Amino acid sequence: MRIYLDNAATTKMSKTAVNALLPYMDDIYGNPSSLHLAGQAAAEALADARKRMANCLDCAADEITFTSGGSEADNQALYSAARIGARKGKRHIISTAFEHHAVLHTLDKLEKEGFEITLLDVHENGIVHAKQVSDAIREDTCLVTVMYANNEIGTVQPIQKIGEICRARDVIFHTDAVQAVGHLHVNVREQNIDMLSLSAHKFHGPKGIGILYCRKGIPLTTLIEGGAQERGRRGGTENIPAIMGMAAALEEACALIDENAGKLTVLRDRLIAGLSEIPHSILNGDAGRRLPGNVNFCFEGIEGESLLLLLDDKGICASSGSACTSGSLDPSHVLLAIGRIHDIAHGSLRLTLSEENTAEEIEYTIQAVKEVVTYLRGISPVWRDLVEGKKEFIIK
Ligand SMILES: *Cc1c(COP(=O)(O)O)cnc(C)c1O
């Protein structure tokens, strides 16, 4: 038995995406910048993919820049907005404490370059309120960047409202929508989004390809100098196979979005109900305002890494949080941001589902987690102290 429950880290490519990609690794191999027949076949495919993806997001084709993924899109968005701000003497940026590191580390760099960064607190339920953004905006604010849905705890932010506030105050609004696109309805026009990052491998597309949407009239700063590809916004021959796979994956995900969300929500809520039966456990993030496939728990008296290894022995691929922080002993900055203390944050488990998971797999997983938690607590001195009353339980 092998059960894959780490879809926030990456997803399996769909058959549709693989089939759309393959011809461009085979017969259709031209460089879209070439003027001959082979090049023009690739250029036409590229233009078509751009248009189809623009339709999914409700923007114009020339508002889309292809990047190497979510991280590059985040970097380019932040540097671009910072450059625009600096030209007007505006050097204040607003973000949140639980962003992805692609955003947080770029903000660190901008801070060293003289920008002032305000990181908004996240409420215990994993939500940032639009009013916090509105209260934090100043005369010299050049950018607000708030993620659409968190990659660890899955909570969904009030993006449309935040966008409305930024538009009214003439501040650029960027959202890292890597976890949302293909899973939730995203519409950059209706939601007042100026810049948006997405990544194909989070919605059953290929790895190493993504998009930065940027509203017309907002100039992008080039991170990769080279040829005139992407209208001069990103040098380098376009990754046509990956782009074709991504376009097919996005169209498929958007066509099935309600059906998949309905199915995933049922599985998710069963998993949450099952794991809630474990004593001294707590769900991280709002129970309702979260991605349809995200489950994230803390178990008191448990060390997350051991939990993962024992679940792996039982055939379950899970995560303790972000793939980027696993391997380090630092507790998740997301769990700290929602107020979990270090000891509790260490005992976290993230299970993220896809449409391919079944009800049987969920039942097996609930049983497996219960067994492993019971086993680990049985051999834990910390747990013994808690049970004997020498220490107080933090999770009631
Ligand atoms: C995965 C992820 C990224 C990074 O995307 P890559 O394509 O892997 O670079 C950025 N932000 C969020 C929220 C993510 O989940």
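If you run the Gaussian network model on the chain, springs between alpha carbon atoms under 10 Å, then out of C166, C317, C142 the most flexible one is C317. When only C-alpha pairs under 8 Å and at least 6 residues apart count, what is the relative contact order of the stretch 15-255, in percent? Normalised by residue count, the contact order of the stretch 15-255 is 27 percent.
What does the helix-only formula give at 222 nm for the chain: each DSSP H stretch with n ≥ 4 adding -39500 (n - 2.57), the total divided by the residues, and the result rounded to the nearest 500 deg cm²/dmol? Walk me through the numbers on the way to the answer.
Working: 13 runs with 158 residues, N = 396.
It lands at -12500 deg cm²/dmol.
A 1.4 Å probe, protein heavy atoms only, puts the accessible area of Y375 near 130 Å². Can you grab the distance from the C-alpha centre of the stretch 235-287 to the C-alpha centre of the stretch 304-323, Å, no decimals? Taking the Cα centre of the stretch 304-323 as reference, the centre of the stretch 235-287 is 19 Å away.
What does the charge count around Q367 come to, taking other residues whose C-beta lies under 12 Å from its C-beta (Lys +1, Arg +1, Asp -1, Glu -1)?
Details: positive: K314, K370; negative: E277, E360, E361, E363, E371.
It works out to a net charge of -3.
Averaging 1/r over each pair of different alpha-carbon atoms in the stretch 209-331 and inverting the result gives 18.7 Å, the Kirkwood hydrodynamic radius.
With protein chains left intact and a 1.4 Å probe, residues in the stretch 304-396 average 50 Å² of accessible area per residue.
Determine the sum of side-chain charges near C317: Lys and Arg each +1, Asp and Glu each -1, restricted to other residues whose C-beta is under 14 angstrom from that of C317. Intermediate values should be presented prior to the final figure.
Numbers: positive: R2, K12, K314, R350; negative: D6, D312, D313, E356, E361.
Once positives and negatives cancel, what remains is -1.
Once the 1.4 Å probe is applied to the protein heavy atoms, the stretch 130-176 comes out at 33 Å² accessible per residue. The string of couplings for the stretch 125-133 from the Karplus curve (6.51, -1.76, 1.60, θ = phi - 60°) is 7, x, 10, 9, 8, 4, 5, 4, 5 Hz, one whole number per residue in order, with x for Gly and Pro.
Ordered by packing density, taken as the mean number of other Cβ atoms within 10 Å over each peptide's residues, highest first, how do 116-129, 237-250 rank? Walk me through the numbers on the way to the answer.
Details: 116-129: 17.5, 237-250: 23.9.
Going from most to least packed, we get 237-250, 116-129.
In the chain, the portion of solvent-accessible area held by carbon and sulfur atoms comes to 53 percent [1.4 Å probe, whole percent, DNA, RNA and ligands not counted]. For the stretch 15-255, a/c is not less than 1.5, where a ≥ b ≥ c are the root eigenvalues of the C-alpha gyration tensor, and a/b tops b/c. That puts it in the prolate class.
Order the following by accessible area, largest value first: K51, K390. Probe radius 1.4 Å; ligands, DNA and RNA are ignored.
Numbers: K51 120, K390 145 Å².
Ranking K51, K390 by accessible area, largest first, yields K390, K51.
For V387, the shell of other residues with beta-carbons less than 15 Å away shows a net charge of +1, using +1 for Lys and Arg and -1 for Asp and Glu.
The values are calculated or read from the model by the stated rules, or taken from the named source; none is laboratory data. On a predicted model such as this, the values are computed, not experimentally measured, just so you know. For neighbour counting, all protein chains shown are included, and Cβ atoms are generated from backbone atoms with ideal geometry for every residue, glycine included. These area figures cover heavy atoms from the full protein model, side chains too; ligands, DNA and RNA do not enter into them. Shrake-Rupley method; radii C 1.70, N 1.55, O 1.52, S 1.80 Å.
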